[in-house]
Structure formats: structure tokens, C-alpha cells
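The values are calculated or read from the model by the stated rules, or taken from the named source; none is laboratory data. This is a predicted model, so every value here is computed, not measured. Glycine gets a Cβ as well: all are built from the backbone with ideal geometry, and neighbour counts include every protein chain shown.
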Amino acid sequence: MNNLPNSYTLILDESVVELEGSPQKYVVGGGLLFNHSITTFGEIKKLAQEANPSKKPFHWTDRGRTRRLEMLDLAAHHALTPIAVINTCKPKDQEEARFQCLVRLLQITQSYDIQNILLETREASLRNNGQNRTDSRAITQCRQEGIHLQATYDWYRKSDPIGWLADAIAGSVSFNQRNTKIDDTAWFSHLKKISKPIIESIVQP
């Protein structure tokens, strides 16, 4: 990783909202972690593991209220700026929706010195193949626009605790979009109380 002074690592994950009779909502969300924080990435991973004592990786939809709150609090505390972009799409258009979300998210974070971009792999490997190519294509387009030219990018596995922070942010935003259960909006309301998230929706023509 590049770790220049005052630089950030952008950690991202996705969440899909499916509502019967309505188009899907595709959310790409995560946060900016300060590379020279007093708390190291290794320490943040350890805190994430403590907030998720299960042998299984943290996944927002699989956890109860207590674990969700603990991970969301941890994410808001260490991801200095929670951020998410929401897109609307048909199931067959998910890859294009993801591409658009990533491009827009990178555009609206261009004022930050992002040196590292980490995304959850959707393949068995951590290489630029299969569905991971959508991510590299979005980053390449932004580089062509002069955005985040110095940033490296890589993928992480679902088992990597650093990605659980992004999962919690994306999950809270997606539940807020779903809004079919009593506490669906409570998670994002909590996130807004403890941080200043940047949330943007892509308006389709």
C-alpha cells in the first residue's frame, strides 16, 4: 500500500435492495480510512473481529441488532467519511449499475488524497478477472478523467475484517432504501447521528 502523509484508503462493498414489483436498488458504500490514524489497520481489524465473534464473516443481513450497531459504530468511528452511491436497475443490469456507482463515488471523493482503493472480490481470486473487471474498468475511466491517478487498487475477501466496516455502511444505506420493516430507517438515522455520511443517488434518464 501507498501510505503518504494525509492520505486515505477507500474501502468499498455493495448491497442490493430487492423489492417486489419495483426496480432493484444497487448500493456501493464504504468509507475513507486515514492511513496515518493513531489506530492502525491491524488494530481496526482486531476491533472488527471483537464486534463479530462469530466464526463466519460479518454480513449485515445475517446479524442481529447488537452486532449491527457495534459494527456500524466502529465503521463510523474509523471510516472518517462514510460514503455511498445508490443506483436503480433491473437485475440484468447490475454490472452497469455497479460501474456507474463506482465512477460516481470516485468522482465525488476526488478532493481526498486517496492512495489505496480496496473492493470486495466477487471472484474466487483477488485478481482482475470475471466480475472484478467491472471495478477496474470504473477506476480506469476515472483515471482517464484525471481522478485518483496515484491510487492503487486491490480486492479483499469477505473474510477480511477491514471490509466489514464497508459492509455495515452499505447495509445501513440499503435498509434505509428498503424501508419495509419498522427499524429499516433506524440504522441510517443512527449513522447520521454519529458521523457525516455522503450519500448520493444516480438519477437515470
Number of the exception - SER54 against (1) more than 18 Å from the chain's Cα centre (by Cα); (2) at pLDDT 95 or above; (3) small (Gly, Ala, Ser): (2)
Count of residues meeting criterion [in a helix (DSSP H, G or I), among the charged types (D, E, K, R) and crowded, with 17+ Cβ neighbours inside 10 Å] in the stretch 94-121: 2
ARG133 of a type in the set (D, E, K, R) and modelled with pLDDT of 95 or more: yes
Members of the stretch 179-205 found to be in a helix (DSSP H, G or I), surrounded by 15 or more Cβ atoms within 10 Å (Cβ to Cβ) and touching a residue at least 12 places away in the same chain (Cβ under 8 Å), listed by number: TRP187, PHE188, HIS190, LEU191
Only listed residue being of a type in the set (A, V, I, L, M, F, W, C) and surrounded by fewer than 23 Cβ atoms within 10 Å (Cβ to Cβ), chosen from PHE34, PHE58: PHE34
Among residues of the stretch 107-146, those that are closer than 22 Å to ILE198 by Cα and touching a strand residue (DSSP E or B) at 6+ places or on another chain (Cβ under 9 Å), counted: 13
